[in-house]
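Asker: One structure coming up, written as structure tokens, with questions to follow.
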Amino acid sequence: EEERRRAVQHLCRVPGSCPVGRCTEIIFPSNVMMHMLHKHTQMANITTAEIFEHKPCVVCFDPTDYEYGDNQCVASLMYAGVQDQLDTLPGISYLSPPNSALINDHHKYDNHLPIMMIGCRCSWYCQLKDKTLERELVALNAKKSGIYVFWLVAPRTTRKLYYTLTVFDRHYLNTRCVVRKVRDYTNFQNPSDFLPYEDDYLVLRDSEVREFLNIRHSKKSKKLKMPKRGIPM
């Protein structure tokens, strides 16, 4: 336990930019939870949830409003360790430092770990290490090489955090599943900067997204209320 306590004390406290594209705030690691709760939980297209070890969380991704190169917050998540085991809360188990600057009802998240799921529409050419060539190819063929990239970010922790991300359509006919690590939010968050060198993300091609959204209904089912548009993850 003493070793884990020292590990938390030695975590880098350098601030970083918010990974959401249109948010310009610089955030210290201990303030990420406060920032996330105040800035990135209010919109209807953002899933906000408390999550637990080995417990699934369903997030719905709607690709229709994604602008090229603009990071969007898909989900704001409060990780609480093992359900009903308070000693596994990240701030208590020395996975991460406690959060600061929380007020009122948000104090219940003092020892949770803030995790954001980020999505970005970009191009296959982002995976090129030659950025001059990337820009030239994007200018010529951006509309024919679209991809969606998804990854999770959080403040730095004393050990690596792994997660399973599964994408499926509403009839479970098509699925994609990957196991990845949560990325440090202070690292590069532009896919063009990290796709050539890392693999902690999920990529969906435009054609795959269209396939996931291609839901066929019988005449009888048309009378039923349509589910929320998007792709479950």
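The values are calculated or read from the model by the stated rules, or taken from the named source; none is laboratory data. Computed from a predicted structure; not experimentally measured. In this analysis, Cβ positions are derived from the backbone assuming ideal geometry, glycine residues included, and neighbour counts consider all displayed protein chains.
Asker: Test residue 92 against the stated conditions and say whether it is within 21 Å of residue 185 (Cβ to Cβ), among the β-branched types (Val, Ile, Thr) and out of contact with any Leu (no Cβ under 6 Å at 6 or more places or on another chain).
Answerer: So residue 92 does not fit the description; no.
Asker: Among the numbered conditions (1) over 30 Å from residue 212 (Cβ atoms); (2) of a type in the set (A, V, I, L, M, F, W, C); (3) touching a residue at least 60 places away in the same chain (Cβ under 8 Å), tell me where residue 82 comes up short.
Answerer: Checking residue 82 against (1) over 30 Å from residue 212 (Cβ atoms); (2) of a type in the set (A, V, I, L, M, F, W, C); (3) touching a residue at least 60 places away in the same chain (Cβ under 8 Å), the one that fails is (3).
Asker: Moving on. Need at least 1 residues that are at pLDDT 95 or above per element, so show me which helices (runs of 4 or more DSSP H) inside the range 125-226 make the cut, counting only ones lying wholly within it.
Answerer: 191-194
Asker: Take the residues in the range 126-150 that are among the aliphatic types (A, V, I, L, M) and in contact (Cβ under 8 Å) with a residue 24 or more places away in the chain, then tell me which one is surrounded by the fewest Cβ atoms within 10 Å (Cβ to Cβ).
Answerer: Once the filter is applied, the top-ranked residue is 142.
Asker: Here is a follow-up. Please enumerate the residues belonging to the range 30-50 that are outside any helix (DSSP H, G or I), of a type in the set (A, V, I, L, M) and closer than 23 Å to residue 85 by Cβ.
Answerer: Correct list: 49 only.
Asker: Look through 84, 65 and report the one residue that is surrounded by fewer than 19 Cβ atoms within 10 Å (Cβ to Cβ), on the phi > 0 side of the Ramachandran plot and not β-branched (Val, Ile, Thr).
Answerer: Answer to the selection: 84.
Asker: Then there's this: Of all residues in the range 11-21 being more than 18 Å from residue 100 (Cβ to Cβ) and assigned to a loop (DSSP other than H, G, I, E, B), which is modelled with the lowest pLDDT?
Answerer: Quick first cut of the range 11-21, residues more than 18 Å from residue 100 (Cβ to Cβ) only: 17, 19-21.
Checking which are assigned to a loop (DSSP other than H, G, I, E, B) leaves us with 19-21.
Values: 19: 97, 20: 97, 21: 93.
In this case the residue turns out to be 21.
Asker: Quick check on my filter: what residues within the range 30-40 are farther than 12 Å from residue 114 by Cα and of a type in the set (S, T, N, Q)?
Answerer: If the condition is that a residue be farther than 12 Å from residue 114 by Cα and of a type in the set (S, T, N, Q), then no residue fits.
Asker: Could you give me the residue pairs with C-beta distances under 6 Å whose first residue belongs to the range 174-188 and is farther than 27 Å from residue 32 by Cβ and among the small types (Gly, Ala, Ser), whose second residue is at pLDDT 95 or above and surrounded by 14 or more Cβ atoms within 10 Å (Cβ to Cβ) wherever it lies, and which are 6+ apart or on separate chains?
Answerer: none
Asker: Then there's this: Restricting to the range 96-125, count the residues that are surrounded by 16 or more Cβ atoms within 10 Å (Cβ to Cβ), hydrophobic (A, V, I, L, M, F, W, C) and out of contact with any strand residue (DSSP E or B) (no Cβ under 8 Å at 6 or more places or on another chain).
Answerer: 1
Asker: Does residue 97 satisfy being part of a loop (DSSP other than H, G, I, E, B), in contact with a Ser or Thr (Cβ under 9 Å, 6 or more places away or on another chain) and in contact (Cβ under 8 Å) with a residue 24 or more places away in the chain?
Answerer: It is true that residue 97 is part of a loop (DSSP other than H, G, I, E, B), in contact with a Ser or Thr (Cβ under 9 Å, 6 or more places away or on another chain) and in contact (Cβ under 8 Å) with a residue 24 or more places away in the chain.
Asker: Here's another thing I want to ask about it. Pick from the range 198-211 the residues that are of a type outside the set (Asp, Glu) and in contact (Cβ under 8 Å) with a residue 40 or more places away in the chain: which of them is nearest to residue 11 (Cα to Cα)?
Answerer: Top of the filtered list is 201.
Asker: Do you know which of the residues in the range 180-216 that are under 14 Å from the mean Cα position of the chain (by Cα) and of a type in the set (Lys, Arg) is surrounded by the most Cβ atoms within 10 Å (Cβ to Cβ)?
Answerer: 183
Asker: Kindly indicate whether residue 121 is within 23 Å of the chain's Cα centre (by Cα) and not acidic (Asp, Glu).
Answerer: So residue 121 passes the test.
Asker: How many residues are under 21 Å from residue 86 (Cα atoms) and crowded, with 17+ Cβ neighbours inside 10 Å if we restrict to the range 1-29?
Answerer: 1
Asker: May I pose another question? Out of curiosity, is residue 32 modelled with pLDDT of 95 or more and within 18 Å of the chain's Cα centre (by Cα)?
Answerer: Answer is yes for this residue.
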